[in-house]
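The values are calculated or read from the model by the stated rules, or taken from the named source; none is laboratory data. Computed from a predicted model, the values in this text were never measured in an experiment. Here Cβ is always computed from backbone atoms with ideal geometry, including for glycine, and neighbour counts include all displayed protein chains.
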Amino acid sequence: MLHIEALTKRFGENTAVDSANITVEEPTMIGIIGRSGAGKSTLLRMLNRLSDATTGTITFEGQDVTALRGAAKRDWQSRCAMIFQQFNLVPRMDVVSNVLHGTLNKRSTLATMFNLYPQSDIHQAIEILDRLGIAEQAPKRAEALSGGQQQRVAIARALMQDPKIILADEPIASLDPMNAQVVMQSLRKIHEEDGRMVIANLHTLDTARRYCDRVIGMRDGRIVFDGTPSQLTTGVARDIYGAGADFSEAATSTEIETLDRSEAQKTQAFA
Amino acid sequence: MADISLSGAPETVDHIRSSYMAQVQRRRLYGGLTLLIFVILMVSGFNVADDRNAGGFWEGLHQIGDYPADVLSEAWEKRADLPGLIAKYFPALVETINIAAVSTLIGAIGGLFLSLLGTRGLAKWPRLIPMFRRLSDIMRAVPEIVIALVLIFVLGGGPVPAMIAIAIHTAGALGKMFSEVAENADLKPVEGLASTGATWPQRMLLGVMPQVAPNYLSYALLRFEINIRASAILGFVGAGGLGYELRNAMAWGPGRFDEAAAIFILLFGTIVFFDQVSSRYRNKLTEGQGQ
């Protein structure tokens, strides 16, 4: 379905992503982990074609994505939705308008200028908001919402695109643990119910373990781990993060229960 | 969910949908009305202007290129003289730039005080904010050419009345732009300095200026470019400099178009030069901030 071959991105002297190879055969929920600067964001941005690859190819369902230009490239972007760490909504527009931005690729500039979205699209936008549990916020300005609500609006915009793939670049890094859980559960639900591929950059191990079917670890631009969550042992995690023996999973956690859980693991280990 | 049960009866999706659709209809209506008013104003305004116009718009439209064509063809015929003419008018250009530079400097200092005294949260005397705002309104409402004509009548012709006239207009215009920047400045550093017992000038200099300096400089440089053009125009009413020479060259009509062309080249070159210099300088300033 999705083949990434020898994908490389260089910024001058620095190599942000160093010949990455990933093959995905069916819609999967994939978590990419690694410390900041490991090239996770660059990889996702190249997938969405927000930035161009230096060398290498991305192939999706037989189509060479890296070669697309102009309208074809924008069409790909509409099929490959992106969710950002800082939500990247238009703060002064209302929630439904922000969700309707997901249809921009199908609409002419003139129609958007006069706010002429079809009624069916508006109804669908409100349905998606209802599915994510924030329909009551529909007429409010996006900036009036809390971080967790804004991220759900961003997910609604992504769903409005009706994409094959949803890319999420650190979707929960600016959220508190409760909201992080809600957002991750929404992404998981979207993957399970709609069968969409979800690729999320995550900076915490336990989130990747808990929600993803497959985990990819990156370090200094290279893919150093690719496997199931159960294969992701503490030793492997130390390698990915380049950490010493004092590294514990609780240190990177945003989950409330993790502290208790790691205590429990420790007692198990001693037993 | 917890938040729904708190708000009493849960709003149904249908209700949300219909109320949002009503909101959209209203917004489209306003949008349509705005568009209609815009079109009416455009059409009626054009017709009024066309009626009042001595020659008529459509009859004159095809002649619009005649004058530049005359100037260009004559300048091309006498192109050998151009370097000499440019050298001849260079002192006049220096005078024009001098007028612009001095008036921008004085005007920027005036605008700085007007802006700080006229911005909520920063003003030394909050009650006087409206006064300073109206003062800057008046200063930029009066065209510089009007002030210059009055001053030339009082002081006689020359660069000084032009300089004063442009400085007054610049202070008013920059006061407005500066205060819009200052409104968005973060007040926390100012509060921090106030907590140490700093005076108002100290708070402004150390708390506000570092935040707004790049924007202020960029506006001042833009104003400098505008003032070069303004001081050239004031030459038309007897303020000296390049404008005076340009008026003579243009008023004489055919025969001296090569001089007019030389002056246009000088003006254009100057604007391009200062645009390049100022954009480089501004980039340096904003990049230096990050380090």
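In the list B:Ala87, B:Ala101, B:Ala141, which residue meets the criterion of being closer than 28 Å to B:Leu217 by Cβ and exposed (fewer than 15 other Cβ atoms within 10 Å of the Cβ)? Lay out the reasoning, then the answer.
On the way: B:Ala87 fails: closer than 28 Å to B:Leu217 by Cβ; B:Ala101 fails: exposed (fewer than 15 other Cβ atoms within 10 Å of the Cβ).
Of B:Ala87, B:Ala101, B:Ala141, the one residue that is closer than 28 Å to B:Leu217 by Cβ and exposed (fewer than 15 other Cβ atoms within 10 Å of the Cβ) is B:Ala141.
Kindly indicate which of A:Leu129, A:Leu116 is assigned to a loop (DSSP other than H, G, I, E, B), within 12 Å of chain B (Cβ to nearest Cβ) and more than 24 Å from A:Lys73 (Cα to Cα). Lay out the reasoning, then the answer.
Details: A:Leu129 fails: assigned to a loop (DSSP other than H, G, I, E, B).
Matching residue, one of A:Leu129, A:Leu116: A:Leu116.
To keep it simple, each residue is scored yes or no on (1) at the interface with another protein chain (Cβ under 10 Å from one of its Cβ atoms); (2) closer than 30 Å to A:Ser97 by Cβ; (3) modelled with pLDDT of 80 or more.
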{"position": "B:Ser19", "(1), (2), (3)": "yes, yes, yes"}
{"position": "B:Val24", "(1), (2), (3)": "yes, yes, yes"}
{"position": "B:Arg28", "(1), (2), (3)": "yes, yes, yes"}
{"position": "B:Leu35", "(1), (2), (3)": "yes, yes, yes"}
{"position": "B:Val39", "(1), (2), (3)": "no, yes, yes"}
{"position": "B:Asn47", "(1), (2), (3)": "no, no, yes"}
{"position": "B:Leu61", "(1), (2), (3)": "no, no, no"}
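Considering only region A:66-89, I want to know if a residue exists there that is under 23 Å from B:Arg26 (Cβ atoms), facing chain B (nearest Cβ under 10 Å) and not in a helix (DSSP H, G or I). So that I can check it myself, show each step before the final result.
First, the residues of region A:66-89 that are under 23 Å from B:Arg26 (Cβ atoms): A:89.
With the extra rule that they be facing chain B (nearest Cβ under 10 Å), the set shrinks to none.
Checked against the condition, which is being under 23 Å from B:Arg26 (Cβ atoms), facing chain B (nearest Cβ under 10 Å) and not in a helix (DSSP H, G or I), region A:66-89 yields no hits at all.
Out of curiosity, is B:Leu242 modelled with pLDDT of 85 or more and buried (at least 19 other Cβ atoms within 10 Å of the Cβ)? Please lay out each step first, then the result.
Working: modelled with pLDDT of 85 or more: no; buried (at least 19 other Cβ atoms within 10 Å of the Cβ): yes.
So B:Leu242 does not fit the description; no.
Between a first residue in region B:108-125 that is in contact (Cβ under 8 Å) with a residue 24 or more places away in the chain and a second residue that is outside any helix (DSSP H, G or I) and surrounded by fewer than 16 Cβ atoms within 10 Å (Cβ to Cβ), which pairs have beta carbons less than 9 Å apart while being 6 or more apart in sequence or on different chains?
Qualifying pairs under 9 Å: B:Leu116/B:Lys124; B:Gly121/B:Leu187; B:Leu122/B:Leu187.
Spot the failing condition for A:Arg35; the list is (1) in contact with a Lys or Arg (Cβ under 8 Å, 6 or more places away or on another chain); (2) more than 14 Å from every other protein chain (Cβ to nearest Cβ); (3) surrounded by 17 or more Cβ atoms within 10 Å (Cβ to Cβ); (4) in contact (Cβ under 8 Å) with a residue 60 or more places away in the chain, and only one is missed.
(3)
Could you tell me which residue of region A:135-152 is surrounded by the most Cβ atoms within 10 Å (Cβ to Cβ), considering only residues that are within 14 Å of chain B (Cβ to nearest Cβ) and under 20 Å from the mean Cα position of the chain (by Cα)? Explain how you work it out, then say what you get.
So the first thing to find is which residues in region A:135-152 are within 14 Å of chain B (Cβ to nearest Cβ), and the list is A:135-141, A:145-146, A:148-149, A:152.
Still in the list and also under 20 Å from the mean Cα position of the chain (by Cα): A:146, A:148-149, A:152.
Values: A:Ser146: 13, A:Gly148: 20, A:Gln149: 22, A:Arg152: 26.
In this case the residue turns out to be A:Arg152.
Check off (1) under 23 Å from A:Leu129 (Cβ atoms); (2) in contact with a strand residue (DSSP E or B) (Cβ under 7 Å, 6 or more places away or on another chain); (3) surrounded by 14 or more Cβ atoms within 10 Å (Cβ to Cβ) for A:Ser97 and give me the number that stays unchecked.
(2)
Could you please tell me which pairs satisfy a Cβ distance under 9 Å, a separation of 6+ or placement on different chains, a first residue in region B:84-96 that is touching a residue at least 12 places away in the same chain (Cβ under 8 Å), and a second residue that is basic (Lys, Arg)?
From residues that are touching a residue at least 12 places away in the same chain (Cβ under 8 Å), the pairs are B:Leu85/B:Lys78.
Tell me the residue from B:Phe236, B:Phe274, B:Phe224, B:Phe268 that is in a helix (DSSP H, G or I), out of contact with any Phe, Trp or Tyr (no Cβ under 7 Å at 6 or more places or on another chain), surrounded by 13 or more Cβ atoms within 10 Å (Cβ to Cβ) and among the aromatic types (Phe, Trp, Tyr), please. Before you say what the answer is, go through the steps one by one.
On the way: B:Phe274 fails: out of contact with any Phe, Trp or Tyr (no Cβ under 7 Å at 6 or more places or on another chain); B:Phe224 fails: out of contact with any Phe, Trp or Tyr (no Cβ under 7 Å at 6 or more places or on another chain); B:Phe268 fails: surrounded by 13 or more Cβ atoms within 10 Å (Cβ to Cβ).
Just a single option satisfies the conditions, and that option is B:Phe236.
Return the residues of region A:43-57 that are in contact with a Ser or Thr (Cβ under 9 Å, 6 or more places away or on another chain) and crowded, with 23+ Cβ neighbours inside 10 Å; say none if nothing qualifies. Give the steps one after another, and end with the answer.
Start the filter on region A:43-57 by keeping residues that are in contact with a Ser or Thr (Cβ under 9 Å, 6 or more places away or on another chain), which leaves A:45-46, A:49, A:51-57.
The answer is A:Met46, A:Ala53.
Assuming B:Trp58 fulfils every condition listed in (1) over 21 Å from B:Val272 (Cβ atoms); (2) in the same structural domain as B:Gly235 (by TED's automatic domain parsing) apart from one, which condition is it?
Going through the list (1) over 21 Å from B:Val272 (Cβ atoms); (2) in the same structural domain as B:Gly235 (by TED's automatic domain parsing), B:Trp58 breaks only (2).
Quick check: anything in region B:152-165 surrounded by 15 or more Cβ atoms within 10 Å (Cβ to Cβ) and without any contact (Cβ under 8 Å) to a residue 40 or more places away in the chain?
The answer is yes; a qualifying residue exists.
Looking at (1) surrounded by fewer than 19 Cβ atoms within 10 Å (Cβ to Cβ); (2) in contact with a Gly (Cβ under 9 Å, 6 or more places away or on another chain), find the lone condition where A:Ala67 falls short.
(2)
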